[in-house]
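Visitor: Questions regarding the structure given below will be posed in turn.
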Amino acid sequence: MKVFFRVDASLKMGTGHVMRCLTLAQVLKENSANVEFICRKHEGNLIDKIHSSGFNVHELEMLEEIEVGNKLAHSHWLGATQKQDADDCIGILKAEKSDWLIVDHYALDEQWQKRLKPYYEKLMVIDDLADRKHWCNILLDQTFGRQQEDYSALTPEGCELLLGSQYALLRPEFSKWRAYSLERRSKPKFKQLLINMGGVDVHNVTENILEELKTCNLPNDINIIVVMGGLTPHLESVKSKVNALPYKTEVKVDVDNMAEIMANSDIAIGAAGSTTWERCCLGLPTIQVVIAENQNTIAKSLARNNAIKLLQDIKELSRTISDVTSWMTSVSDIARQISDGSGVMRVVNVIIGRK
């Protein structure tokens with residue numbers, strides 16, 4: 001089975017799209033698929049990461065986008081027009097028609113998908129927004145609480161909709177650490193705090209949180225772990241800020257054992273991106289911060305269900321963390337029901353079944 005992924009990472013869009021596609025790609029590869037990626041060379045791309053994970057990457061040059069027609073809300077993320085991007089991909093795909101083309105990009109819709117139709121057998125879209133039309137065989141939206149009617153007018157008849165956090169694309173390590181993580185939460189304590197604001201944190205929210213922690217009444221023996229991506233533009237500034245904290249604090253960069261770190265943490269302060277489902281799988285009680293407009297739906301839905309504590313303003317952190325022992329167990333109990341870590345196998349089974 002030949003599979004191509006069209007996905008990007010950048011300082012604007014973060015790393016989550018590529019990381020979840022890599023998770024799916026690894027499991028497809030383990031099931032004998034031949035997988036390749038198509039990525040544009042944005043600033044902050046993860047092309048080297050994809051290469052090091054064992055996949056061939058076809059690199060697209062950045063182009064001067066031309067303003068034409070009705071643009072999508074995230075068109076500025078593409079680095080080209082949809083027509084230009086599609087033509088670039090045709091140059092790659094025409095050599096060998098793919099069984100599956102999988103696209104994870106907020107800047108692409110049915111215009112791009114239909115233009116490429118002669119060059120793939122089936123197409124799968126990964127989305128979170130439900131804000132544009134798609135022409136695909138499968139649509140995956142791992143947003144908690146997503147409903148069929150959200151996409152009924154946006155997808156063609158016969159499209160299989162995989163909706164909800166039971167389809168969250170988590171690496172196998174999270175299901176591996178799930179039982180251990182849930183077991184240690186049966187005796188709640190507050191000894192380790194994890195801070196992770198996504199793979200890029202272009203707005204330097206991490207530093208604002210560290211500044212606010214100075215005013216918080218934390219246990220004297222607290223261990224704080226800050227996890228950041230190597231492409232984070234404010235990494236050195238954050239390291240300097242950590243040195244000024246009165247608590248034992250460590251900055252970890254580009255970790256490859258995130259599940260283990262989460263499983264051994266008692267509370268997390270995190271962004272409302274794709275790591276949300278990782279924390280839920282491990283029952284990690286989370287104080288969540290929205291750092292991008294497209295994270296609002298996820299955060300508000302989880303907050304309504306008491307699966308997280310949502311900060312409207314970082315200034316609320318001190319109050320929220322001061323009574324953490326009163327809510328950490330109930331939040332953990334709800335969060336763990338949202339994702340069990342097996343989503344990627346559910347998705348792969350559907351793809352293989354549709355071959």
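Visitor: Under a point-charge model restricted to the Cβ atoms of Lys and Arg (+1) and Asp and Glu (-1), what is the dipole moment magnitude of the stretch 6-62 relative to its Cα centre, in debye to the nearest 20?
Guide: Values: 7 positive and 7 negative charges, 33 e Å.
That gives a dipole near 160 debye.
Visitor: Same structure again: For Asn220 and Phe190 in one chain, what is 0.36 nm times their gap in residues minus the Cα-Cα distance, to one decimal in nm? Kindly include the intermediate steps, with their values, before the conclusion.
Guide: Values: separation 30, 0.36 × 30 = 10.80 nm, distance 1.07 nm.
Computed gain between Asn220 and Phe190 is 9.7 nm.
Visitor: A follow-up question, please. So, with +1 on the Cβ of K and R and -1 on the Cβ of D and E, and no other charges, what is the size of the charge dipole of the chain about its Cα centre, to the nearest 20 debye? Don't skip to the end; give the middle numbers.
Guide: Working: 42 positive and 47 negative charges, 183 e Å.
I would put it at about 880 debye.
Visitor: Oh, and also: Can you give the relative contact order of the stretch 18-122 as a percent, counting alpha carbon pairs under 8 Å and 6+ residues apart?
Guide: The value is 22 percent.
Visitor: Match the structure shown to one of the listed values [x] 20.4, 63; [y] 18.8, 56; [z] 22.0, 79 of Rg and Dmax of the Cα atoms in Å, computed from it, and give that label.
Guide: [x]
Visitor: Now for a separate question. Pick out, from Thr325, Tyr151, Leu161, the residue whose Cα sits farthest towards the positive end of the charge dipole of the chain, with +1 on the Cβ of Lys and Arg and -1 on the Cβ of Asp and Glu.
Guide: Thr325
Visitor: Under 10 Å, Cα contacts only: if you run a Gaussian network model on the chain, which one of Asp313, Asp201, Asp109 comes out with the highest mean-square fluctuation?
Guide: Highest fluctuation among the options: Asp313.
Visitor: Using a ≥ b ≥ c from the Cα gyration tensor of the stretch 201-269 (square roots of the eigenvalues), is it rounded, prolate or oblate, where a/c under 1.5 gives rounded and otherwise the larger of a/b and b/c decides, a/b for prolate?
Guide: oblate
Visitor: Continuing with the same structure: For the chain, set up a GNM with springs between Cα atoms under 10 Å and report which of Val344, Val57, Val251 has the largest fluctuation.
Guide: Of Val344, Val57, Val251, the Gaussian network model singles out Val251 as fluctuating most.
Visitor: Kindly rank 171-182, 268-279 from highest to lowest mean number of other beta carbons found within 10 Å of each residue.
Guide: In descending order of packing, they fall as 268-279, 171-182.
Visitor: Another question about this same structure. Considering the Cα positions of the stretch 172-335, please state its Rg to one decimal place and its Dmax as a whole number of Å.
Guide: For the stretch 172-335, the Cα-based Rg and Dmax read 14.5, 38 Å.
Visitor: Right, another one. Okay, helix-only estimate at 222 nm for the chain: each DSSP H run of n ≥ 4 adds -39500 (n - 2.57), divide by all residues, round to 500 deg cm²/dmol; what do you get?
Guide: Working: 13 runs with 121 residues, N = 355.
Counting only the DSSP helices, I get -9500 deg cm²/dmol.
Visitor: Would you work out which of Ala303, Val202, Tyr247 lies farthest towards the positive end of the dipole of the stretch 172-335? Charges go on Cβ: Lys and Arg +1, Asp and Glu -1.
Guide: So the residue furthest toward the plus end is Ala303.
Visitor: Something else about it: If you place +1 on the Cβ of every Lys and Arg and -1 on the Cβ of every Asp and Glu, how big does the dipole about the Cα centre of the stretch 61-179 come out, in debye to the nearest 20?
Guide: Values: 14 positive and 22 negative charges, 67 e Å.
Charge dipole of the stretch 61-179: 320 debye, to the nearest 20.
Visitor: Something else: Please report how far the C-alpha centroid of the stretch 34-60 lies from that of the stretch 189-208, rounded to the nearest whole angstrom.
Guide: Measuring centre to centre over Cα atoms gives 26 Å.
Visitor: A follow-up question, please. When only DSSP loop residues count, what GluC sites (Glu not before Pro) in the stretch 26-127 have their Cβ near at most 12 other Cβ atoms within 10 Å?
Guide: On the way: sites: Glu30, Glu36, Glu43, Glu59, Glu61, Glu64, Glu65, Glu67, Glu96, Glu110, Glu121; in loops: Glu43, Glu61, Glu64, Glu65, Glu67, Glu96.
In loop regions of the stretch 26-127 (DSSP not H, G, I, E or B), the sparsely surrounded GluC sites (Glu not before Pro) are Glu43, Glu61, Glu64, Glu67, Glu96.
Visitor: Moving on to the next point. Once a ≥ b ≥ c are taken as the square roots of the eigenvalues of the Cα gyration tensor of the stretch 293-334, is the result rounded (a/c under 1.5), prolate (a/b larger than b/c) or oblate (a/b not larger than b/c)?
Guide: Numbers: a/c = 3.61, a/b = 1.20, b/c = 3.02.
Because a/c hits 1.5 or more and a/b fails to exceed b/c, the stretch 293-334 counts as oblate.
Visitor: Now for a different question. If you keep only loop residues by DSSP, which trypsin sites (Lys or Arg not before Pro) in the stretch 1-82 have at most 16 other Cβ atoms within 10 Å of their Cβ?
Guide: Numbers: sites: Lys2, Arg6, Lys12, Arg20, Lys29, Arg40, Lys41, Lys49, Lys71; in loops: Lys12, Lys41, Lys71.
Listed in order of number, the matching sites are Lys12, Lys41, Lys71.
Visitor: Pull up the cross-link candidates among the lysines for Lys49, meaning alpha carbon to alpha carbon under 24 Å and not fewer than 8 places away within one chain.
Guide: The qualifying lysines are Lys2, Lys12, Lys29, Lys41, Lys176, Lys239, Lys252.
Visitor: Follow-up question, since we're still on this one. So for the chain, averaging the separation of alpha carbon pairs under 8 Å that are six or more residues apart and normalising by length, what relative contact order in percent results? It would help to have the intermediate numbers written out before the result.
Guide: Details: 692 pairs, mean separation 55.8, N = 355.
After rounding, I find 16 percent.
FYI, it's all coordinate maths here, none of it is from the lab. Predicted model only: the values in this text are computed from it and were never measured. Reconstructed Cβ throughout: ideal geometry from the backbone, glycine too, with neighbour counts over all protein chains shown.
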